[in-house]
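Following: one structure in structure tokens, then a few remarks.
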């Protein structure tokens, strides 16, 4: 039987004894990355964030650990980031402004954090001689129609370009991960729909045709960590993930969650509000242009950096841990099979997707 990608990538050996810095470490995905790293026998995880309250809460939760440090710093502060990167081996860069509406309203802040922040991280990593840096990107970086996606695309381009900066002292490898919507993260529709259902509705949907790539926080963090192990430098790693219609997600959640609050599912209405500025009806994980330099495996797509010949790619980008083959696939959420109600229900029941209190109520009902 063929081993799965997850079994074949030896994360524990790679991270054993390493000092790891995680920017945006108190965010939804950043925190999950930290929690998974602490299970991999690392020497130290250094959490950097500018959210003082959340940073304090996380530090109190993990008090007494000698392998975890917390630093309050803004990702655009070059002096502080340089200081906090001292003595580190690798970095996960997940600090960003991630919500489309807020980036549309505050475009200069998005530019500063999402683009300038990548530059600061890159300079600090090179100056401190880090081995690798992984940037967490988004499917919204593909053919972007909004400020957030455009800044994420520029972040990807910066990381690819920084990987090929020529200097004898520069040994740092830069790569990116690109994934879809993380269900259960702050700002995702799941907490919003949960609250609206508990209140008896209506559940607000921007457009009934809207489709999205989705994954759990655990899956997102796992992708990022495995990308670190595999990265040769300059790639964009993409996880294959399922697709759902937002209206199907709402319908399934209404059916399952309304009875928990003594609400008849038949009485919970859905209300179409219209797409927000910069919001797509579908999402894309890869482009037609990238299809010419794409590798595909059981779990991953890997976009190789532009400008490399096939022979150079074969020599540099050989992944011994997983089986990859040249591919020309283009992943759009409107072209992929849709999850049915049972598949959506299964994903909702995974750890960290539903709010904790709701998950407990649902578990009690089903046992």
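When residues in the range 130-169 are screened for being part of a loop (DSSP other than H, G, I, E, B), farther than 22 Å from residue 330 by Cα and at pLDDT below 95, 6 of them pass.
Quick check on residue 124: is it without any contact (Cβ under 8 Å) to a residue 40 or more places away in the chain, part of a helix (DSSP H, G or I) and either under 25 Å from residue 18 (Cα atoms) or touching a strand residue (DSSP E or B) at 6+ places or on another chain (Cβ under 9 Å) (or both)? For residue 124, the condition - without any contact (Cβ under 8 Å) to a residue 40 or more places away in the chain, part of a helix (DSSP H, G or I) and either under 25 Å from residue 18 (Cα atoms) or touching a strand residue (DSSP E or B) at 6+ places or on another chain (Cβ under 9 Å) (or both) - is not met. Of all the listed residues (177, 194, 239), the sole one being in contact with a helix residue (DSSP H, G or I) (Cβ under 6 Å, 6 or more places away or on another chain) and farther than 24 Å from residue 101 by Cβ is 239. When residues in the range 27-49 are screened for being crowded, with 19+ Cβ neighbours inside 10 Å, at pLDDT 95 or above and part of a loop (DSSP other than H, G, I, E, B), 1 of them pass. Looking at the range 71-99, which of its residues are outside any loop (DSSP other than H, G, I, E, B), touching a residue at least 12 places away in the same chain (Cβ under 8 Å) and either surrounded by fewer than 20 Cβ atoms within 10 Å (Cβ to Cβ) or out of contact with any helix residue (DSSP H, G or I) (no Cβ under 7 Å at 6 or more places or on another chain) (or both)? Listed by number, the residues that qualify are 71, 72, 78, 82, 84. Keeping to the range 291-309, report how many residues are touching a residue at least 24 places away in the same chain (Cβ under 8 Å) and touching a strand residue (DSSP E or B) at 6+ places or on another chain (Cβ under 9 Å). Going through the range 291-309 one residue at a time, the tally reaches 12. Within the range 197-213, the set of residues being surrounded by fewer than 22 Cβ atoms within 10 Å (Cβ to Cβ) and assigned to a helix (DSSP H, G or I) comprises 198 only. Kindly provide the set of residues from the range 170-184 that are within 20 Å of residue 302 (Cβ to Cβ) and part of a loop (DSSP other than H, G, I, E, B), ordered by number. Answer for the range 170-184, where residues must be within 20 Å of residue 302 (Cβ to Cβ) and part of a loop (DSSP other than H, G, I, E, B): 172, 180.
The values are calculated or read from the model by the stated rules, or taken from the named source; none is laboratory data. On a predicted model such as this, the values are computed, not experimentally measured, just so you know. Virtual Cβ from ideal backbone geometry, glycine too; neighbours counted across all protein chains shown.
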